[in-house]
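The values are calculated or read from the model by the stated rules, or taken from the named source; none is laboratory data. Since the model is a prediction, treat every value here as computed from it, not as a measurement. Heads up, the Cβs are rebuilt from the backbone with ideal geometry, glycines too, and the neighbour counts pull from every protein chain shown. Ligands, DNA and RNA are stripped out before the accessible areas are found, and what is left, the full protein with its side chains, is counted by its heavy atoms. Shrake-Rupley method; radii C 1.70, N 1.55, O 1.52, S 1.80 Å.
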Amino acid sequence: RQMELKAVDATSMSFWDYEKNTMDVILVAPQVRFKKRGIIQQAEPYGVVVQDIDTIAYGMVDGEKIFKQVLDAIDNKA
């Protein structure tokens, strides 16, 4: 399975062109959850899944668990 992962700051997400720069999943970091509602409003019309990053995995810097969260979100979208 081929995919591209990007880390994008919350300010850039506010101006993201979802039609031009497509994506399947957005994981929102704990420190910017207050911006999640706006991200959802912009992204969901394009079929983008928006989820909070698992807080424990984020705090423990558990990249494997966060990657599994991405894969699960993609699989559940289909």
Condition met for I74 (over 20 Å from A10 (Cα atoms), surrounded by 13 or more Cβ atoms within 10 Å (Cβ to Cβ), of a type in the set (A, V, I, L, M) and under 13 Å from the mean Cα position of the chain (by Cα)): yes
Residue count, segment 43-75, condition under 19 Å from E4 (Cβ atoms) and outside any helix (DSSP H, G or I), comes to 6
Across (1) farther than 18 Å from M3 by Cα; (2) open to solvent by 90 Å² or more (accessible area, probe 1.4 Å), I40 clears everything bar (2)
Members of segment 8-32 that are over 16 Å from D54 (Cβ atoms), within 13 Å of the chain's Cα centre (by Cα) and part of a loop (DSSP other than H, G, I, E, B): V8, D9, W16, Y18, T22, M23, D24
Identify the residue in segment 43-68 that is of a type in the set (D, E, K, R) and farther than 21 Å from S12 by Cα and, among all such residues, is surrounded by the most Cβ atoms within 10 Å (Cβ to Cβ). D54
